[in-house]
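First up is the structure itself, then whatever we jot down about it.
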Amino acid sequence: MFAQLENLKGRFIEVGKTLSDPATVSDMKRFTQLNKEYRELEKIVNVYEAYKLVLGNIDTNKNILETEKDEEFREMAKMDLSMQEAEKLKIEEELKQLLVPKEPEDERNVLLEIRAGTGGDEASLFAGDLARMYMRYCETLGWQVSIADANEGTVGGFKEVVLDIKGENVYGKLKFESGVHRVQRVPETEAKGRVHTSAVTVAVLPEADEVDVQINESDISMDVFRASGAGGQHVNRTESAVRLTHIPTGTIVACQQERSQHKNREHAMKMLKTKIYEAAVRKHEDEIAARRKTLVSTGDRSAKIRTYNFPQGRITDHRINMSMYNMDAFMNGEISDMIEALSVAEQTEKLKEGNIAF
């Protein structure tokens, strides 16, 4: 473990020197990548230096207890030794977390798809509730969020909505939300007060870079149509909405949010690349899931991951068997505790898999 930490420290020093090289500064892409690596290594190196300091203090206190005759001095050394050993355990846990290999996609922005499933109008309404929940969560983290595409429900909510989310470590946090979200509540249209069960599917897609997916224009079929939904007379008179089909994979995307056909096509191309890239990411995550007991990081859209029971005010995540009883706050975007618990579960699996120990 110490050899690994020393190697990382050496790499940290090397990257720092490279960043000060004028040739690196003039290459913005390389400078950005190295600067990101430097910041990540800096966190590890700072904790490692603190760890070495604590180990030195422990050795000093032990030496005092072995050689010192003064009882008052020995008592002070005993107290400090106890504090330093507690700090050592704390820092070791922190280092373990920092040394867990990060998934390369975690830093990416995402397209978050929410689709109404079983339950008719009630499913569409709940899809709208989830969209608001995620948008408010994003706002608390300072992320940029906008609606990339939407198909509204007949009584409100969405049959389908796609959120474009940009920020720091977006996929790393939201990847746990992929799957089936089940809701149990009394619909507003239910006259007899009976509880109905509906389902909504969430898919979190890491955004593709230009280098990730190369698409030939000859492989794309484009259709234009009139946009539907809110937007005034313009949406009914202009064929600005765009549907793209990637012929080799059969992947289909549509965008109708912009007034311009050109802008809709631009957004649709981004969505198309992201969907094609996400298929490769999901294959990778499925391979990981096969080695782990939890389904936390799979993104299996057929798996029921969470139930929202409104009559009991309970939200239960079935992957980690965790229940919360703050329904109003949760639906208003206060979902960080649940996401943190899922992240801890994934980290625990990674620690077991990597056998990281001191």
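For every residue, the table says whether it meets (1) surrounded by 15 or more Cβ atoms within 10 Å (Cβ to Cβ); (2) at pLDDT 85 or above.
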residue	(1), (2)
Ser240	yes, no
Leu244	yes, yes
Ile247	no, yes
Val253	yes, yes
Lys270	yes, no
Lys273	yes, no
Arg292	yes, no
Ser302	no, no
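Among the residues of segment 71-93, is any touching a residue at least 40 places away in the same chain (Cβ under 8 Å), in contact with a helix residue (DSSP H, G or I) (Cβ under 9 Å, 6 or more places away or on another chain), on the phi < 0 side of the Ramachandran plot and surrounded by 15 or more Cβ atoms within 10 Å (Cβ to Cβ)? Walk me through how you get there before you give the answer.
Of all residues in segment 71-93, those touching a residue at least 40 places away in the same chain (Cβ under 8 Å) come to 91-92.
Keeping just the survivors that are in contact with a helix residue (DSSP H, G or I) (Cβ under 9 Å, 6 or more places away or on another chain) gives 91-92.
Filter again for on the phi < 0 side of the Ramachandran plot, leaving 91-92.
Next, from what is left, pick out any that are surrounded by 15 or more Cβ atoms within 10 Å (Cβ to Cβ): 91-92.
Within segment 71-93, one or more residues are touching a residue at least 40 places away in the same chain (Cβ under 8 Å), in contact with a helix residue (DSSP H, G or I) (Cβ under 9 Å, 6 or more places away or on another chain), on the phi < 0 side of the Ramachandran plot and surrounded by 15 or more Cβ atoms within 10 Å (Cβ to Cβ).
Per-residue answers, yes or no, for (1) under 21 Å from Glu346 (Cβ atoms); (2) in contact with a strand residue (DSSP E or B) (Cβ under 6 Å, 6 or more places away or on another chain); (3) modelled with pLDDT under 95; (4) not acidic (Asp, Glu):
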site: Pro104; (1), (2), (3), (4): yes, no, yes, yes
site: Arg108; (1), (2), (3), (4): yes, yes, yes, yes
site: Glu113; (1), (2), (3), (4): no, yes, yes, no
site: Gly128; (1), (2), (3), (4): no, yes, no, yes
site: Tyr137; (1), (2), (3), (4): yes, no, no, yes
site: Leu141; (1), (2), (3), (4): yes, no, no, yes
site: Val145; (1), (2), (3), (4): no, yes, no, yes
Considering each residue of segment 20-57, count those that are at pLDDT below 95, farther than 22 Å from Gln97 by Cβ and in a helix (DSSP H, G or I), and give that number. 13
If Phe176 meets every condition in (1) of a type in the set (A, V, I, L, M, F, W, C); (2) over 21 Å from Ala329 (Cα atoms); (3) out of contact with any strand residue (DSSP E or B) (no Cβ under 6 Å at 6 or more places or on another chain); (4) surrounded by 15 or more Cβ atoms within 10 Å (Cβ to Cβ) apart from one, which number is that one? (2)
Residue tally, condition in contact (Cβ under 8 Å) with a residue 60 or more places away in the chain and more than 15 Å from the chain's Cα centre (by Cα), over segment 102-132: 16
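If you scan segment 1-17, which residues turn out to be in a helix (DSSP H, G or I) and surrounded by fewer than 15 Cβ atoms within 10 Å (Cβ to Cβ)?
Phe2, Ala3, Gln4, Glu6, Asn7, Gly10, Ile13, Glu14, Gly16, Lys17
Test of understanding: among Glu207, Glu217, Glu190, which residue is charged (D, E, K, R) and in contact (Cβ under 8 Å) with a residue 24 or more places away in the chain? Before you say what the answer is, go through the steps one by one.
On the way: Glu217 fails: in contact (Cβ under 8 Å) with a residue 24 or more places away in the chain; Glu190 fails: in contact (Cβ under 8 Å) with a residue 24 or more places away in the chain.
Being charged (D, E, K, R) and in contact (Cβ under 8 Å) with a residue 24 or more places away in the chain holds for just one of Glu207, Glu217, Glu190, which is Glu207.
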Residues satisfying the stated conditions in segment 64-101, i.e. in a loop (DSSP other than H, G, I, E, B) and either modelled with pLDDT of 95 or more or within 30 Å of the chain's Cα centre (by Cα) (or both): Val100, Pro101
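The values are calculated or read from the model by the stated rules, or taken from the named source; none is laboratory data. Remember, predicted model here, so these are calculated numbers, not experimental data. Because the Cβ atoms are built from the backbone with ideal geometry, glycine has one as well, and the counts that use them run over all protein chains shown.
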